[in-house]
Structure formats: C-alpha cells, structure tokens
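Peer 1: Could you have a look at this structure, given as structure tokens, before my questions?
The values are calculated or read from the model by the stated rules, or taken from the named source; none is laboratory data. Source: prediction; values computed, not measured. Heads up, the Cβs are rebuilt from the backbone with ideal geometry, glycines too, and the neighbour counts pull from every protein chain shown. Surface accessibility is based on the protein's heavy atoms, side chains included, excluding ligands, DNA and RNA. Shrake-Rupley method; radii C 1.70, N 1.55, O 1.52, S 1.80 Å.
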Amino acid sequence: MNLRQRNERRLAWLLCAPAVTVLIGVIVYPILYAVWLSLFRYDLRFPEQRVFVGLDNYVSILTSEVWWQALGNTLILTIGSVSIELLLGFILALIMHHTLFWRRAVRAAMLIPYAMITVVAAMAWKFAFDPTTGFIDALLDREQAWLTQRGSAFLVIILTEVWKTTPFMALLLMAGLTLVPHELIQAARVDGANAWQRFIKIVVPTMKPVILVAVLFRTLDAFRIFDTVFILTRGAQNTETVSMVGYNTLLVSLNLGLGSAVSVLIFVGVLIISIVFIKGFGTPTGRRGEIDS
Amino acid sequence: MASVELDKVTKQFSDGTVAIKDASFTIADGEFFILVGPSGCGKSTLLHMIVGLEETSSGEIRVNGQMINHLDPKDRNMALVFQSYALYPHMSVRENIAFPLIMAKVPKPEIIRRVEETAAILELSLLLDSKPRILSGGQRQRVAIGRAIVRNPEVFLLDEPLSNLDARLRNQMRIELARLHKRLGTTTLYVTHDQTEAMTLGDRLAILNKGVIQQIGTPFELYQQPCNLFVAGFMGSPAMNFFPARIKDDQLCFEPLGLQTAIPGHTDFSKPLDYVIVGIRPEDFYVLSNENDRSEQLIAFDAQVDRVEWLGAELLVYIRLKIDFWPDMSILVRDVGLEKKQGDMLEVIARLDATSTIVKKGDTVTLGFNIDKLHLFDPNTGDRLIT
Amino acid sequence: MNRNRIMERIFWGTGNLIVIAYAIVPVLWIVSLSLKRSGDLNDRHFFPQTISFEHYQAIFLDVQFPAALWNSLAIAAISTFLAVIVGMFAAYAIVRLTFPGQRLLLACVLATAMFPPIAIIGPLFNLWRATGLFDTWLGLILPYMTFTLPLAIWILAAFFREIPWDLDKAARIDGATPLQSFIWVMVPLAAPAVFTTAILVFIFAWNDFLFAISLTSTNNARTVPAAIAFFTGSSRFELPIGSIAAASVVITLPVMIMVLIFQRRIVAGLTSGAVKG
C-alpha cells in the first residue's frame, strides 16, 4: 500500500467519523445498554434496589396478557393499515400516473398528508369523529362515540394511519409505475391482454421490487405505531400497542428494567419482520452491489 | 516542455487481472504521440496511470527523467481532456477555464489575462459567461481544451476527445487540434480507438491490444511494416486481407487460386513452418486487362465479382474464393477475422481506382498483385516473418 | 370532441377531485375549527359560521406555545444542519473513496433506518438524566440527527453516484486536492440534493413526538407536537380544542407551503431510495 492509498483511506475514515460516532453513541450504545438493563430489576423510583435478575423480565413480559394483547393490537393495526394502504396507494398511484390533466396539482395534493404532523393529523381526525364537535356524526346522522368502543376505535386509528401514510406508498408506487417500459405494455396489448390482465401480468410483476420495498418500509413503520394511538385513545378501550407498552413501562411507571426488556422485544420483532421480508421475498433492498462500482 | 518515458509500466488490479503489461515507450519533447487500440485494450487505464488517477503496479513513469509514480495528479502538471469533457456544470465557461489556475493560486489579474488569452485562441471569447449546458458539442470540446491548455501544462493528454462529435465536426476539430499543437508545441498524448484519427494526427503511434504494446512507430511505418497480425489487421480501412498458404518445397501455394510462387525475399524462415498467414492490402490488387500485363513479379488470377461498393474515387470489389486448406489456427488468427467460415468461402476485398475501372457484380475479372506486397506472418505467434 | 373523449375527461376529472379531496379535507377541517368562535366549536358544522381569531390570540398570549414553537424551530433547524453535513461527508466517502469497512458502514446505516426509536428511549432517558442532556435542545438534536442520518446518507449517496466521475477526476488533474475537489466541485453540484435532504430531515424532526415527550419535561426544550398533546383546558377532562386547532394550523401551514413549493424535489427524494435501490 502506498502513500496515496493511505491518504485516501485516512480521508474516508475522517469523513465517516462523525456519522459513525453519532450512530454508535445514540443508537448502538443505547441498544446494548437496553439489553444490559433488561437483565435487571431496576425501578427509577427505587434506584438503589437494582438487582440482577437474568431473563426474569422477559419471562414476566412473555407470560403477561398485556404484552400479548398489545402485540395482537399492533399486528391488527399493522396488517389492517398496510393492506389498505397498498390497495389505496395503487389506486392513487394509477390516478396520478395516468391522469390527463392537473397532474401537478394532484401530485402536490398527495404531499399534504405527508407534510402534516402525525399528532396534528390524529387531532384532526379525533375532533372529526368526536360526537359533540365532529362533522362525521352529523354527516352520517348518528350519535356515536367512535373512540369509546374497541372496534370503532381501531377503525379510526387505522383510518388516521392510512390517511397520513398512503401518499408515501402511492408516491413510491407511482415512481415504480414510471419504470415499467412502455413497450412492454404495448407488446401485451398486441398480444391481446386487456387492461386488467396487463396490470396483473405485466405491471405488478415488473414493479415487484418497488412494491416490496414500499410494503417493508410501511410495515416496519406501522409496527412501531405510537403517536396516533397516543393522541386518539392513549391506549384506552384495549387499543394499546407494543410501543405504548414500552413507553408506559419506561416513562410512566419508570420501570427501566422491565421497560428495556419490552424495548428489546420490539427490536427483535422489527428484526424478524425484516428477515421475513428479505428472505421470504428475495432482497427487496436490491442491487446494493452498485455501490462500489 | 517535457519528455515522458514509460519503463515496463504494469497495471494489475486487485482481482488479479492485468490491464497493462510491461508498457515501455518514450514520448519526445513536443511530440504528438498517439495511443491507439480497440475498446477495452487498456488505453484509458494507461492514460490514467500517466496522469496519476490510477496506481502503477510496477514499472516507472518518468517526466524529464524524473520518476513521478507516486505524485498526486495535481502535482504532475499534466492536463487531460476527457471523452465526456467533464465540464463543471455549475461554473461558467470563464470559471471552468480559470479553475486550474485558481487551484494553483495564480494571482487574480494573471488569471483574468490568461483566461482571456486562451479563450481568444479557441474562439470562445463571446461565450465566457455562458454555462456549459447551453453550449454545442464542439463548443464544449473547445472549453475542455481551453481548461487543459490554460495553465501551460508540461504534458497535454486527450482521451478520445472527438468521439462525441458528429463526423463533420470531428474532421474540423481534428484539423484544429493539429494546428493547436503546432502553435503550442506541448508534448501531447492522444488516446483513440479510431485508426484514421491516429494515422492523420500523430507524429508517432503506439498500438495497444489486450494491455500489451504491439508496435510503436510513425503511421507510415506501422502501415507499411506491421510487426504482427494484430497491427496489420488494425491499421487500414478496409482491413488487410488474410488467408492461409501452404509452404511446399520453398514455394508458397495459394490453393484457392491454384497458384504457386517463390517465397518473397526478406522472409525469415529460421523456423520450419508448413504454412503461413499471408496478408495483402486491398489497394495492392490491380485489374489486368490483357495478358501482356503479366510479369514475373506479378501474380494473376481470375475471380468472379461478388459485390461492388462504389465510394466515388475508388471502388471496393468483393470477391469470394473457395478455400479448402483450413489448418487448425490459433486464437491469434481469429482476432483478424480469419477462421473457418461456412462453406469454406473466403472474402477478399480489392480497392481499385474507380475512374479507370468498370466492374459490375457478377463480372469475372483478372486480378493481379505483386509478391513484394505480400506480408507473411507466423500462424502460431502472429509475428511478421521478416529478416 | 367525441363522446369517448368527454367520458375520459369526466373520469379523470372525478379521479383527480377525489385525490385532492382526500388530501385536503382534514386540513380544511382543522383550519375551520381554529377559526370557529369558542361557543361555536360544538356546532357540528364543517365550516365556521363566524370567523374569529380568538384561539390564535390565546395561544400566542400564553407562554407555552411561543416557547414550544421556538424550540421546535431551533431544534429542527440545528438537527437538519448537522444531519446534512455529517451525512454529506459519509455519503461522499461511501460513493467516491475506497476504504475497508465501506460495505459494513452502509449496511449499518441501512439497518438504522429500520430501527424502532422506542427501543432506545429508556436508555436515552436514563443517560440524558445522568449527563444533564434531559430537557435540553441538544438532548433532542442528537437523536434527531442520528435517526435522520440514514435517510440523508441514502439520498445524498444516490445523488453523488450520479454525478459523473470524470468531474472529480478532472478537478484532481486541474490541481485540486481531494478535499478541494469536494468543496469546489461536489458540494455545488450536490446543492439540490442537499436541499431535498434538508427538507426531509427537517420534516422528520418537526414531526417527532416520541422523543419529544420522553426526553423533555418543561418549556425548556419541549417542541410543539409534545406541547399540543399536553395543552390543558379549563378542566382536566376537556381538551382545549380551539387552541389545539390554532396551534396545529400554525405549525402545519409553513411546512405545507414549503413542501408544495419544492414538490418535485421532495417526491424525488422520497422515492430515490426505494426505486433506485
């Protein structure tokens, strides 16, 4: 190795150093610290009573009904919102892609939900569904307290989540649509495929990588849902999600040991989802090889 | 002013592939030197090694006798014109040309003066404040050249500079480049895959194939005395005709023509060979109109014309010969397009004077060639058999 | 114009209207709530019958909201600045230089993008309390810039990859050091991508709720989303709807205008990672 190569390496490391430092300091170290803390009984209200308990925290979480209930809720919300988003996202993407006029305005409109703060969006829907303030009940001509029943509360949560994040999905899918070669569609048309067949047999398979990335992003995002539920129900009516269980244990009960174990379990959940996606559907994050060419 | 010397320069990539092997040549001070070869032969790699963008694995690169292998590009005082021009899109023409001077911390008034001067030479004065994106291809090319010459580099390097221009502009820029070199007298290394460009521009050429320098010389030398099959096949358009010929009793047998002749003089037969590859340039054929034209040195044969291409001043006549002698030839031979073809037919091109010859498709003509014009090559090594 | 063409226009016109309505209804709703008089809040009309700015007056007269707004602005701006600078350095190194650990670094960056923030809330809460970062600007800036780094590196790397290599080489031959080439050639060329990245990072920091409620406790560093969630009304069980709506409009409109102006860049930024992958 000669001087110039060494210089290049030194520069590279120098340039990466700040990024690596904060990533280690703010993510790697805390997650390891969380794993460490999860092995202790450690309540911040009684810090001096810190005791090493091994895997006891995990045992008590995995045997508690609260955790499984929250996990179930989270999965319902995740699957419910992501599947609706995919469907709705495709419709919106097709409209944006094919529309004959106002193309710019339609795409601009899609960014509005993205630009709205989640807390604000949740507030807007909360007020809209409120029986005394909202316009929904007036519109439907009924008196229903949507957020006071589990089923309808889920509906409102999913609606809020879908409203806020479908545009992201739709924009990704639209970008994917632009990648489908026009000749391919024309060829299928010549071969006698109708619009629906062209969509299912040509467009969707060609877009598969984009669809997978979009669904993976959104699934991971939905799995950690917190803001929406916090604002809409605060976990009441049995709508608590895993992130809320984590937050409540850590910052409301100040039980750092148990809360850290919840955090680690959520982290493991995210890991499992990623692995299932990447192994199960091929690598959706795709051609990473280009980086060093 | 500088001379550039390459001494056994080798480039081996980390994956083991050898891109350049033992390249040695010297570019004299003020010379216009051309590095020519087919795409993928390693010429850009060699250029990048000289300018310092690529490491040299072994060997030495010297400028004025001084080894510069480990110098950073910025310390080599060489300028490079890229194939893509690599104009900085966010800078105006003026800023583009001034950039090397700013980097060299030249005082401001001098920068202004030298940029104006350079722009005047290249007729860019009116465009100085434009951004590259509004310029035409030829103008961009001139800005790239301006950026290269503005700091009076010791060596001026050009990487396929004309390949992005249309044919007409290419000819024009070729003339301008030659004129510019005459005016500045800077040592120039020009890389191209186009042998026409190479022949018309260069004082001397180096031909590169698969990372190995094949031959170095003036265009005339390379054309008249190619040292091996590759050079013979690469220089000249249309390319030299090749075919195998058996050696029998010190006679050369052209079996497709049913002819036999003495082996030309100056042929090196130190190695016993039972056949050789014979090459003949298309322009070395004559049309014989009557028996009287035949002589000792001239070999004549009759052939049917397969097709004719008329190029104005000249005529390309294609004939197809049936050939039964197909020895098992090495890969070398395949590079020049000589391998067993379907139906054992061999296509030969003759380039004739269009004003004095009238030949139509299907005609039978008598073609002749002088045996002194034959090039004989060793079929195993590809080397020319010459003493 | 034949019948088919008319039908086609009606079809797409309806489609467009549905998309626009989808996006705009909740925004209009919160705007009209904020403009209703206190007494009209429960009139169950979509639009205000009488327009009044009393809620805007109220939130700006209170100490809490102006403080939170200032915190939000400053924290998001500083986080954005740092994330873009740090991300730009790393992206340049990853794309343009060769060094051992390159792939590992990129893999780690990607992994962070999928990381759930809740997993480190506990340790950060504890660490920040121990180090005095709790309830400070820096205490929020650090997690924000870290969590947006992957996005920043990703977009900038995708962009750097598309800048022709020759420009960097040309600069080097023209006498620039690698650092000079970076500053003179790469940075100006990357300006649009940097800008896109900055907007997206800003939106992330502006939008965050979890860190904001976990790592702050007072007006010192509490940002608007957290403040809104903890606005108190006249009684514990009654939400100050008017104030919340007014505060929401105040923090939503500027971002929304910015996003609409730079629409094209933002769409490109959001989709660059997934599509080019």
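Peer 1: Chains A and C: how much accessible area gets covered up at their contact, both sides added, probe 1.4 Å, in Å² to the nearest hundred?
Peer 2: On the way: alone 17930 and 16570 Å², together 25400 Å².
Counting protein atoms only, the buried area is about 9100 Å².
Peer 1: Please label the shape of chain A as rounded, prolate or oblate, based on the square roots a ≥ b ≥ c of the eigenvalues of the alpha-carbon gyration tensor (a/c under 1.5 means rounded; beyond that, a/b larger than b/c means prolate, else oblate).
Peer 2: oblate
Peer 1: For a protection proxy built on the mean count of beta-carbon atoms within 10 angstrom, sort C:15-22, A:79-86 highest first, please.
Peer 2: Put in order of decreasing packing, that is A:79-86, C:15-22.
Peer 1: Let me ask you something else. Compute the FRET efficiency between A:Val204 and B:Arg307 as 1/(1 + (r/R0)^6), taking r as their Cβ-Cβ distance and R0 = 56 Å, and round to the nearest 0.05.
Peer 2: Details: r = 51 Å, r/R0 = 0.91.
E between A:Val204 and B:Arg307, to the nearest 0.05, is 0.65.
Peer 1: Using only Cα atoms, find the angle between the long axis of helix C:263-276 and the longest principal axis of chain C, and express it within 0 to 90 degrees, rounded to the nearest 10.
Peer 2: So the inclination is approximately 50 degrees.
Peer 1: Still on this model: Answer with one residue from B:Ser237, B:Tyr88, C:Ala221: the one whose Cα lies farthest towards the positive end of the charge dipole of the protein assembly as shown, charges on Cβ with Lys, Arg +1 and Asp, Glu -1.
Peer 2: Of the options given, the answer is C:Ala221.
Peer 1: Moving on to the next point. Could you identify which residue out of B:Ala23, B:Ala350, B:Ala303 has the top mean-square fluctuation in a GNM of chain B using Cα springs shorter than 10 Å?
Peer 2: Checking each option, the largest mean-square fluctuation is seen for B:Ala303.
Peer 1: While we're on this one: At B:Asp15 and C:Phe47, where each label point lies 7 Å from the Cα along Cα→Cβ, what is the point-to-point distance in nanometres?
Peer 2: 6.6 nm
Peer 1: Right, something else. Report the accessible surface area buried between chains C and B, summing both sides, using a 1.4 Å probe on protein heavy atoms only, in Å² rounded to the nearest 100.
Peer 2: 1800 Å²
Peer 1: Could I ask something else about it? In µm²/s, what is D for segment B:4-234 at 10 °C and 1.306 mPa s, where D = kT/(6 pi eta Rh) by Stokes-Einstein and Rh is the Kirkwood radius from Cα pairs?
Peer 2: It diffuses with D of about 87 µm²/s by this estimate.
Peer 1: Not counting ligands, DNA or RNA, and with a 1.4 Å probe, what is B:Ile149's accessible surface area in Å² rounded to the nearest 10?
Peer 2: Its accessible surface works out to 10 Å², give or take rounding.
Peer 1: Leaving out ligands, DNA and RNA, and with a 1.4 Å probe, what % of the accessible surface on chain A is carbon or sulfur?
Peer 2: Carbon-and-sulfur percentage of accessible area, whole number: 65.
Peer 1: Report the FRET efficiency, 1/(1 + (r/R0)^6), for C:Arg5 and C:Val25, where r is their Cβ-Cβ distance and R0 is 30 Å, rounded to 0.05.
Peer 2: Numbers: r = 30 Å, r/R0 = 1.00.
Efficiency computed from Cβ-Cβ geometry: 0.50.
Peer 1: For peptide C:98-110, compute the average count of partner chain beta-carbon atoms within 10 Å of each residue's beta-carbon.
Peer 2: Across C:98-110, the average partner-chain Cβ count within 10 Å equals 4.
Peer 1: At a probe size of 1.4 Å, how large is the accessible area of C:His55, to the nearest 10 Å²?
Peer 2: Roll a 1.4 Å probe over it and C:His55 shows about 10 Å².
Peer 1: Now for a separate question. So, with +1 on the Cβ of K and R and -1 on the Cβ of D and E, and no other charges, what is the size of the charge dipole of the protein assembly as shown about its Cα centre, to the nearest 20 debye?
Peer 2: 2640 debye
Peer 1: Enter the angle in degrees (range 0 to 90, nearest 10) between the Cα long axis of helix C:3-35 and the first principal axis of the Cα atoms of chain C, meaning the one along which they spread out most.
Peer 2: Value to nearest ten degrees: 70.
Peer 1: Let me ask another. Hey, can you find the accessible area per residue of chain A for me, probe 1.4 Å, expressed in square angstrom?
Peer 2: I get 45 Å² per residue for chain A.
Peer 1: What average count of beta carbons from other chains do you get within 10 Å of the Cβ of residues in B:44-55?
Peer 2: 2
Peer 1: Ordering C:Thr98, B:Thr56 by accessible area with a probe of 1.4 Å, largest first, what comes out?
Peer 2: Accessible-area ranking of C:Thr98, B:Thr56, largest first: C:Thr98, B:Thr56.
Peer 1: Moving to a separate point now. Under a crude label model (7 Å from the Cα following the beta-carbon direction), how far is A:Leu184 from A:Val276 in nanometres?
Peer 2: In this crude spin-label approximation the distance works out to 2.8 nm.
Peer 1: Pick from B:Ser14, B:Ser289, B:Ser39 the residue whose mean-square fluctuation is largest in a GNM of chain B, springs joining Cα atoms under 10 Å.
Peer 2: Highest fluctuation of the listed residues: B:Ser14.
Peer 1: Suppose R0 equals 25 Å. What FRET efficiency, 1/(1 + (r/R0)^6) with r the Cβ-Cβ distance, do B:Ala167 and B:Glu123 give to the nearest 0.05? Please report the intermediate quantities before stating the final value.
Peer 2: Details: r = 21 Å, r/R0 = 0.84.
Once the sixth-power term is evaluated, E becomes 0.75.
Peer 1: Now, a different point. For a test of the definition: using alpha carbon positions, the gyration tensor, and the 1.5 limit on a/c, classify the protein assembly as shown as rounded, prolate or oblate.
Peer 2: Taking the square roots of the gyration eigenvalues as a ≥ b ≥ c, the protein assembly as shown is prolate.
Peer 1: Using a Gaussian network model of chain A with C-alpha springs under 10 Å, which one of A:Ala108, A:Ala153, A:Ala128 is most mobile by mean-square fluctuation?
Peer 2: Highest fluctuation of the listed residues: A:Ala108.
Peer 1: Of B:Lys74/B:Lys182; A:Lys164/A:Lys279; B:Lys8/B:Lys271; B:Lys21/B:Lys74; A:Lys164/A:Lys201; B:Lys8/B:Lys108, which ones are farther than 32 Å apart at the Cα?
Peer 2: B:Lys8/B:Lys108
Peer 1: Would you list the membrane-span-like helices of chain A, meaning whole DSSP H runs whose alpha-carbon atoms span at least 24 Å along their axis and whose mean Kyte-Doolittle value is at least 1.6? Don't skip to the end; give the middle numbers.
Peer 2: Details: long enough: A:3-23 (29 Å, 0.17); A:65-98 (49 Å, 1.27); A:150-179 (42 Å, 1.33); A:204-223 (27 Å, 1.36); A:256-280 (35 Å, 2.33).
Once both thresholds are applied, what remains is A:256-280.
Peer 1: Keeping the other protein chains in place, figure out the carbon and sulfur percent of the accessible area of chain B, with a 1.4 Å probe.
Peer 2: Details: 8490 of 17660 Å².
Summing carbon and sulfur atoms, their accessible area is 48 percent of the total for chain B.
Peer 1: Also, I was wondering about something else. Just to be sure I understand the model, the point goes 7 Å from the Cα along the line to the Cβ. What's the resulting B:Ser57 to C:Ile85 distance in nm?
Peer 2: 4.3 nm
Peer 1: Can you give me the accessible area per residue for chain C, using a 1.4 Å probe, in Å²?
Peer 2: Ligands and nucleic acids excluded, the figure is 40 Å² per residue.
Peer 1: In debye, nearest 20: dipole of chain C around its Cα centre with unit charges on the Cβ of K, R (+) and D, E (-)?
Peer 2: My answer is approximately 640 debye.
Peer 1: With heavy atoms of protein chains only and a 1.4 Å probe, what residues of segment C:176-200 have at least 40 Å² less accessible area in the full set of chains than alone?
Peer 2: C:Trp184, C:Leu189
Peer 1: Right, another one. Quick one: grab the alpha carbon gyration tensor of chain C, order the square roots of its eigenvalues as a ≥ b ≥ c, and give me rounded if a/c is under 1.5, else prolate or oblate depending on whether a/b is larger than b/c. Intermediate values should be presented prior to the final figure.
Peer 2: Values: a/c = 2.53, a/b = 1.34, b/c = 1.89.
Taking the square roots of the gyration eigenvalues as a ≥ b ≥ c, chain C is oblate.
Peer 1: Could you work out the mean count of beta carbons from other protein chains within 10 Å of each residue's beta carbon in C:89-97?
Peer 2: That average works out to 6.
Peer 1: Follow-up question, since we're still on this one. Set Lys and Arg Cβ to +1 and Asp and Glu Cβ to -1, take the dipole of chain B about its Cα centre, and tell me which of B:Val212, B:Ala178, B:Pro38 lies farthest positive.
Peer 2: B:Ala178
Peer 1: Per residue, what accessible area does segment B:4-234 have, given a 1.4 Å probe and all protein chains present, in Å²?
Peer 2: Details: 9510 Å² over 231 residues.
Averaged over the residues of segment B:4-234, the accessible area is 41 Å².
Peer 1: Okay, next question. Could you work out the equivalent-ellipsoid semi-axes for segment C:1-52, taking the square root of 5 times each eigenvalue of the Cα gyration tensor, largest first, in whole Å? Display every interim value, and only then the final one.
Peer 2: Working: eigenvalues 269, 20, 10 Å².
After scaling each eigenvalue by five and taking roots: 37, 10, 7 Å.
Peer 1: Right, another one. Accessible surface of B:Lys322 in the full protein assembly, 1.4 angstrom probe, to the nearest 10 Å²?
Peer 2: In the full protein context, B:Lys322 sits at about 120 Å².
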